[in-house]
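The values are calculated or read from the model by the stated rules, or taken from the named source; none is laboratory data. Not measured: the values here are computed from a predicted model. Cβ placement follows ideal geometry from the backbone for every residue including glycine, while neighbour counts extend to all protein chains displayed. SASA here: full protein model, heavy atoms, side chains in, ligands and nucleic acids out. Shrake-Rupley method; radii C 1.70, N 1.55, O 1.52, S 1.80 Å.
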Amino acid sequence: MNGKAIIGVAAAAALALLVYFQFFKGASEDDTANVRASFNSFTLGLASSNPVMTQVFISQGFSDTKIGKEDFMKMLGIRRKLYNAVITSVTMQGDFSSISYNRTEVRGDDGDSLNSKINGETWIRDKEKPGMWKLYKLADNDTWFRSLEIPVKRAMVEVKKDTRVLGTLEGEQGKSAAMKPGDRYASIGRRDPFRSLVSVGGAEVEGVSVDLCEPDRPRELLEGYDLESLRLTGIVTSDKGPAALIETPDGKGYTVYSGMYLGRRCGKVMEMQSDFVQLKEKIRKPGAAPGVYSTIDTILQLRREEG
């Protein structure tokens, strides 16, 4: 952003703040409009890197179990190359409002763009200026708004005790072969990887596995590989949302979206961030009855080459 653009944004922010204080008087019928006005002014302050303007919209009672108010104020002062937030819904309950919105943010010149859907951020009415609303509590799913990291190179993920993490070093990318949701694996001319090999009379033949999770669901191509053999080579943004670039052992690349499956354990893609893919797999624990599976969380992690 050049100097003139910065001055222009800062001037617009100052003007918006002035207009806000002059014209919003807090009439009860305007509660929803006042919430949106406060939110938009706060957003404009972040976009213009105006810490004074943003801190005006932080409640004295701001409370969050994962970030203190002092650290949060430091986070608000981070220089942002881009910040845009658009409200999708406002729910009123007395002097509190619950806001949901879509947000795009880039921190630092070399930062990664992060798109988030925030659900249930809490704002409170200012007692001295009823027309003004202030941020009271972050939404539970708003992990990035609690992060002081600049620039964004890694998404933060909480690893639970029973979560397994699989990491791969970045290597040469294979040929791109995008696989669309709903694509199925064609086994014509090759062995079906979803059928087990058994020995009959000393010869190997294929037989249907009796211990296959979700046996009635058609398999997708990347379910023919052990998850440990697949490499996560990157996450990109597409018109369909985040997409993971997955490399198979033979060097071919595939594009994977949320809701698709990876590995032989019915690993469904649940979430993607800038450096990991989180899946839910199904395993049959020792001693469990046939067809009875337990669900585990698995993270396919992107790692940088050392040196």
Of all residues in region 83-103, how many are without any contact (Cβ under 8 Å) to a residue 40 or more places away in the chain, out of contact with any Gly (no Cβ under 9 Å at 6 or more places or on another chain) and open to solvent by less than 30 Å² (accessible area, probe 1.4 Å)?
1
Quick check on my filter: what residues within region 283-298 are of a type in the set (Ser, Thr, Tyr) and either within 25 Å of the chain's Cα centre (by Cα) or in a strand (DSSP E or B) (or both)?
Ser294, Thr295, Thr298
Taking the options Val236, Val210, name whichever one is out of contact with any Phe, Trp or Tyr (no Cβ under 6 Å at 6 or more places or on another chain), modelled with pLDDT under 90 and assigned to a strand (DSSP E or B).
Val236
Members of region 118-134 found to be within 30 Å of Ser238 (Cα to Cα) and in contact (Cβ under 8 Å) with a residue 24 or more places away in the chain, listed by number
Ile118
Considering each residue of region 253-282, count those that are open to solvent by less than 10 Å² (accessible area, probe 1.4 Å) and part of a strand (DSSP E or B), and give that number.
8
Has region 288-298 got at least one residue that is closer than 16 Å to Leu166 by Cα, at pLDDT below 85 and open to solvent by less than 40 Å² (accessible area, probe 1.4 Å)?
no
Name the pairs: first residue in region 246-273 and on the phi > 0 side of the Ramachandran plot, second residue not hydrophobic (A, V, I, L, M, F, W, C), Cβ to Cβ under 6 Å, at least 6 apart or on different chains?
Gly251/Gly174; Cys266/Glu214; Cys266/Lys282
Out of (1) at pLDDT below 90; (2) among the β-branched types (Val, Ile, Thr); (3) part of a strand (DSSP E or B), what's the single condition that is false for Ile246?
(1)
Just one of Arg80, Arg107 is closer than 26 Å to Thr237 by Cβ, free of Cβ contacts under 8 Å to residues at least 40 places away in the same chain, surrounded by 15 or more Cβ atoms within 10 Å (Cβ to Cβ) and basic (Lys, Arg); which is it?
Arg80
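Residues checked against (1) modelled with pLDDT of 95 or more; (2) farther than 21 Å from Asn40 by Cβ; (3) outside any loop (DSSP other than H, G, I, E, B):
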{"site": "Ile99", "(1), (2), (3)": "yes, no, yes"}
{"site": "Ser116", "(1), (2), (3)": "no, no, yes"}
{"site": "Gly120", "(1), (2), (3)": "no, no, yes"}
{"site": "Gly131", "(1), (2), (3)": "no, no, no"}
